[in-house]
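Here the structure is laid out as structure tokens; the discussion comes afterwards.
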Amino acid sequence: MSPDILYMKRALRLAQKALGKTSPNPLVGAVIVKAGRTIAEGYHEMPGLPHAEAVALERAGAKARGATLYVNLEPCCHLNKRTPPCAQAIIRAGIKRVVVGMIDPNPKVSGRGVELLRRSGIDVQVGILEEESKRLNEFYIKHITTGMPFVILKVAMTLDGKIATESGDSKWITSLPSRRYVHKLRSTVDAVLTGIGTVRADDPELTVRLVKGRNPVRVVVDPEFEISMDANILKTPPPTIIFTRNKNHPPLPDGIEVEYFDSERLDLRDAMKRLYQKGITSVLIEGGSSINYNALRDGVVDKVLFFISPKIIGGKDSITPVGGVSTGLDKPWRIRDMKTRRIGKDILIEGYIDSSSLSPEFSS
């Protein structure tokens with residue numbers, strides 16, 4: 001393994017320490033190396049705090065002169081933010097070489113940081129572990145380039161493709177390790193979205209009880225406002241947003257917001273735009289077959305996670321992961337970059353929606 005790859009891997013691991021804490025900012029780690037030795041490291045911990053490069057440069061002090069800086073995202077160069085531009089700090093510190101994982105897709109940066117460094121005589125190399133860098137910051141890339149949240153669709157199902165019995169019983173299909181994994185995932189997103197059917201059937205909290213981390217905002221699609229005022233999702237500390245068309249609902253406790261819509265069915269693309277306007281840049285969908293179908297039909301899903309339990313429950317009326325109307329075999333939603341792995345006794349299949357399989361209005 002080349003030194004550039006080795007130190008970039010370290011920068012990525014540092015960046016991951018802040019998973020779920022930097023939104024809407026990216027995850028960034030930095031490593032400063034001189035004469036084959038690491039002299040300082042840093043990562044961006046949360047919005048408003050110094051960027052990774054600034055942290056590492058502060059720790060390196062005068063030793064930074066003549067050193068190489070590894071950073072998974074292009075150093076910023078613009079002034080319209082709470083922290084000073086990192087490119088200028090790198091130049092002042094006397095860094096000789098900068099290795100960058102990926103160009104920042106933010107239009108305010110997008111190559112300008114690299115250009116500024118090169119104009120100052122710094123040797124800059126771009127694209128070391130670029131795919132890994134992009135995968136780490138897929139939430140950031142989506143929201144900064146589209147003004148929409150990155151959306152993950154999560155499904156827990158049996159080997160025969162059921163998410164619940166005929167009566168709606170779904171606890172627990174997957175194993176405890178899988179549930180811990182999902183709780184960890186919740187801690188990394190800004191919001192978790194579900195439907196009123198899931199709330200009635202399971203009375204979920206949608207928090208991160210099984211792991212340490214930040215609880216996400218909860219979002220409930222409840223067209224007729226059928227939610228019980230005793231529902232767990234209304235009791236626990238994180239805020240909850242309810243999408244409904246019923247304006248004659250009872251008074252709500254503090255921390256509960258309502259978003260109204262007038263159509264027969266909530267357009268989830270419109271819902272995502274509204275959530276983005278509230279500062280939500282990533283959403284995990286944990287709903288039933290109707291919500292899952294509507295999310296796919298409305299073209300909001302970026303990534304899918306299917307947890308498959310080694311159980312068979314049968315039943316022609318048992319509930320499948322995606323309801324609605326079949327697309328037909330000639331035009332399914334296709335998955336690209338698919339990976340599989342074991343989580344406890346379960347199998348996790350993850351991948352990304354192939355944009356070419358979306359309706360034209362949603363393929364950009």
Subject >> Square roots of 5 times each gyration tensor eigenvalue, C-alpha, segment 78-175, largest first, Å >> reply: 45, 15, 11
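How would you order 98-104, 306-312, 116-122 from highest to lowest mean count of nearby Cβ atoms within 10 Å?
Numbers: 98-104: 23.9, 306-312: 16.9, 116-122: 15.1.
Ranked by mean Cβ neighbours within 10 Å, highest first: 98-104, 306-312, 116-122.
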Original post:
Quick one: how many Å² of Ile233 are accessible to a 1.4 Å probe, rounded to 10?
Top reply: 0 Å²
Subject >> Cα Rg, Dmax (largest Cα-Cα span) when computed across the chain, Å >> reply: 22.6, 70
Original post:
Which trypsin sites (Lys or Arg not before Pro) does segment 166-217 hold that lie in a coil by DSSP with at most 13 other beta carbons within 10 Å?
Top reply: Lys171, Arg209, Lys212
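So, for segment 22-64, what is the accessible surface per residue at a probe of 1.4 Å, expressed in square angstrom? Working shown, then result.
Working: 1960 Å² over 43 residues.
Normalised by residue count, the accessible surface of segment 22-64 is 46 Å².
How large is the dipole of the chain about the Cα centre if only Lys and Arg carry +1 and Asp and Glu carry -1, each at its Cβ, rounded to the nearest 20 debye? Can you show the working numbers first?
On the way: 53 positive and 41 negative charges, 373 e Å.
That gives the chain a dipole magnitude of about 1780 debye.
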**OP:** May I have the pair-distance distribution P(r) for segment 110-263, computed from all Cα-Cα distances with 10 Å bins from 0 and rounded to whole percent?
**Re:** 9, 28, 29, 17, 9, 6, 1
Original post:
Which percent, to the nearest 5, of DSSP beta bridges fully inside segment 218-364 are antiparallel?
Top reply: 60 percent
**OP:** At 1.4 Å probe size, with every protein chain present, just tell me what the per residue accessible area of segment 250-364 comes to in Å².
**Re:** 55 Å²
Original post:
What's the percent breakdown of Cα-Cα distances in segment 135-220 across 10 Å bins, shortest bin first?
Top reply: 15, 43, 32, 10, 0
Subject >> Cα-projected label distance for Tyr260 with Lys108, points at 7 Å along beta-carbon direction, nm >> reply: 3.5 nm
Original post:
What residues have an amide H closer than 5 Å to that of Leu73, excluding those fewer than 5 places away on the same chain, when H is modeled at 1.01 Å from N in the peptide plane?
Top reply: Gly29, Gly101, Met102
**OP:** Taking the Cα centre of segment 260-364 as origin, sum charge times position over the Cβ atoms of Lys and Arg (+1) and Asp and Glu (-1), and report the length of that vector in debye to the nearest 20.
**Re:** 440 debye
**OP:** Find the percent of Cα-Cα distances in segment 228-298 that exceed 20 Å, and round it to a whole number.
**Re:** 36 percent
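Tell me the carbon and sulfur percent of the accessible area for segment 197-264, rounded to whole percent, probe radius 1.4 Å.
Working: 1700 of 3590 Å².
Carbon with sulfur: 47 percent of the solvent-accessible area.
For segment 294-346, how big is Rg over Rh, using alpha carbon atoms and the Kirkwood form of Rh?
We get a ratio of 0.98 for segment 294-346.
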Subject >> Cut-off 14 Å, label 7 Å out along Cα→Cβ of Asp4, residues of segment 113-145 by amide N >> reply: 123-131
**OP:** Please name whichever of Gly351, Ala52, Leu193 sits farthest to the positive end of the charge dipole of the chain, dipole taken about the Cα centre and charges placed at Cβ: Lys and Arg +1, Asp and Glu -1.
**Re:** Ala52
Original post:
Among the trypsin sites (Lys or Arg not before Pro) within segment 1-93, which fall in a DSSP loop and have no more than 10 other Cβ atoms within 10 Å of their own Cβ?
Top reply: Arg82
Subject >> ³J(HN,Hα) computed for each position of segment 195-208 - Karplus, 6.51 cos²θ - 1.76 cosθ + 1.60, integer Hz, glycine/proline x >> reply: x, 5, x, 5, 4, 5, 6, 10, 6, x, 9, 6, 10, 10
**OP:** In debye, nearest 20, what is the charge dipole magnitude of segment 1-97 about its Cα centre with +1 on Lys and Arg Cβ and -1 on Asp and Glu Cβ, if you could check?
**Re:** 240 debye
Subject >> Efficiency of FRET between Gln125 and Ser355 - r from beta-carbon atoms, R0 25 angstrom, step 0.05 >> reply: 0.25
**OP:** Specify the inter-centroid distance of segment 1-32 and segment 189-250, based on alpha-carbon positions, in whole Å.
**Re:** 33 Å
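Just for the chain, what percent of DSSP beta bridges are antiparallel, to the closest 5?
Details: 24 of 61 bridges.
Here the share of antiparallel DSSP bridges comes out near 40 percent.
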**OP:** Scan around Val124 for amide H atoms under 5 Å from its own, H built in the peptide plane at 1.01 Å from N, and keep only partners 5 or more places away or cross-chain.
**Re:** Val98
Original post:
What percent does the relative contact order of segment 110-259 come to when contacts are Cα pairs within less than 8 Å and at least six residues apart?
Top reply: 14 percent
Original post:
Stokes-Einstein at 25 °C, 0.890 mPa s, Kirkwood radius from Cα pairs: D for segment 15-61 in µm² s⁻¹?
Top reply: 228 µm²/s
Original post:
Which loop GluC sites (Glu not before Pro) in segment 207-282, with loop taken from DSSP, have no more than 11 other Cβ atoms within 10 angstrom of their Cβ?
Top reply: Glu224, Glu264
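The values are calculated or read from the model by the stated rules, or taken from the named source; none is laboratory data. Predicted model only: the values in this text are computed from it and were never measured. Reconstructed Cβ throughout: ideal geometry from the backbone, glycine too, with neighbour counts over all protein chains shown. Each accessible area value is taken on the protein alone, full model and side chains, heavy atoms only, with ligands, DNA and RNA left out. Shrake-Rupley method; radii C 1.70, N 1.55, O 1.52, S 1.80 Å.
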